[in-house]
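Undergrad: Can you read through this structure? Questions will come right after.
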Amino acid sequence: MNRRQVVLVVDDEPETVKYVGANLKARGFDVLTAGDGTEALKQSEEHPVDLVLLDLSMPGPDGFEVCQRIREYSDVPIIILSARGREQDKVKALDLGADDYLTKPFGVEELLARVRAALRRARPSGVGPQPVVETEDLKVDFAARSVTLRGQEVRLTPTEYGLLALLARNAGKVLTHRALLNSVWGPEYGQETEYLWAYVRRLRRKLEPDPEHPVYILTEPGVGYRFRRLG
């Protein structure tokens with residue numbers, strides 16, 4: 001029998017926790033809750049969690065710090081739920097490792113669509129065997145879903161790996177912003193270019209010898225990105 005998926009809902013507003021939790025439970029999820037950052041970290045460390053829904057403005061460690069600290073030990077998908085809709089807040093959260101950002105108020109169907117998309121990204125895709133993409137320093141093994149840089153394994157979140165794998169499988173081709181968002185985040189996405197900025201920046205920090213002068217993931221201004229075909 002399959003284990004029910006567990007969602008950790010973190011928010012200091014009891015009404016939001018109750019509303020989100022009730023809708024998740026009605027769709028077959030188990031729900032853990034936390035009202036502040038300290039409790040959120042405790043829950044995420046002590047329980048097997050499949051997804052975190054995280055507010056930004058909370059007592060104790062705020063959502064930014066909680067996101068950053070969870071990323072130190074876990075690749076669990078994180079969706080930010082926040083009343084703060086400024087682009088700099090979105091980019092900061094994504095840059096710290098959040099997978100998605102939903103601005104309050106939101107409808108339950110939109111929330112559930114984001115939850116499904118995040119959980120789908122966390123599962124290995126059904127793509128068949130693919131050749132290994134390898135340069136002198138970087139190796140992407142699609143069968144093993146692993147990435148190594150100069151012989152050392154690089155830890156990537158499912159979203160980071162999904163973006164890198166898509167670019168690497170299409171080495172030499174320019175992939176548009178919309179195509180990348182549709183393929184990696186899901187068909188519901190297409191305008192969230194800040195997601196790509198943040199995640200390309202994260203990948204470059206992890207993989208490029210000089211992130212400011214990338215040799216693997218190249219920007220095609222106004223169009224998208226391209227993984228450089230080497231060798």
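The values are calculated or read from the model by the stated rules, or taken from the named source; none is laboratory data. On a predicted model such as this, the values are computed, not experimentally measured, just so you know. A quick note on method: Cβ atoms are made from the backbone with ideal geometry, for glycine too, and the neighbour counts reach across all protein chains shown.
Undergrad: Could you list, in sequence order, the residues of region 133-172 that are within 13 Å of L207 (Cβ to Cβ), of a type outside the set (D, E), more than 15 Å from the chain's Cα centre (by Cα) and not in a strand (DSSP E or B)?
TA: Result: T135, R150, V154, L167, A168.
Undergrad: Say whether the condition of being out of contact with any Asp or Glu (no Cβ under 6 Å at 6 or more places or on another chain), surrounded by fewer than 16 Cβ atoms within 10 Å (Cβ to Cβ) and touching a residue at least 60 places away in the same chain (Cβ under 8 Å) is met by at least one residue in region 23-41.
TA: yes
Undergrad: If you scan region 81-112, which residues turn out to be in contact with a strand residue (DSSP E or B) (Cβ under 7 Å, 6 or more places away or on another chain), part of a helix (DSSP H, G or I), under 26 Å from R204 (Cβ atoms) and in contact (Cβ under 8 Å) with a residue 40 or more places away in the chain?
TA: K90, L94
Undergrad: Would you mind finding the one in L24, L56 that is part of a loop (DSSP other than H, G, I, E, B) and under 16 Å from D100 (Cβ atoms)?
TA: Matching residue, one of L24, L56: L56.
Undergrad: While we're here: For D75, work out the one condition from (1) modelled with pLDDT of 95 or more; (2) in contact with a Pro (Cβ under 7 Å, 6 or more places away or on another chain); (3) not basic (K, R) it doesn't fulfil.
TA: So the condition that D75 fails would be (1).
Undergrad: Continuing with this model, one more query. Being assigned to a strand (DSSP E or B) and touching a Gly at 6+ places or on another chain (Cβ under 9 Å) is the filter; apply it to region 59-80 and report the residue that is surrounded by the fewest Cβ atoms within 10 Å (Cβ to Cβ).
TA: Ranking the qualifying residues of region 59-80, first place goes to I80.
Undergrad: Scan region 174-193 for residues that are buried (at least 19 other Cβ atoms within 10 Å of the Cβ), assigned to a helix (DSSP H, G or I) and within 14 Å of the chain's Cα centre (by Cα) and jot them down.
TA: Those that are buried (at least 19 other Cβ atoms within 10 Å of the Cβ), assigned to a helix (DSSP H, G or I) and within 14 Å of the chain's Cα centre (by Cα): L180, L181, V184.
Undergrad: From the list L112, L53, which residue is surrounded by 19 or more Cβ atoms within 10 Å (Cβ to Cβ) and either outside the structural domain of E13 (by TED's automatic domain parsing) or under 20 Å from D30 (Cβ atoms) (or both)?
TA: Residue meeting the stated conditions: L53.
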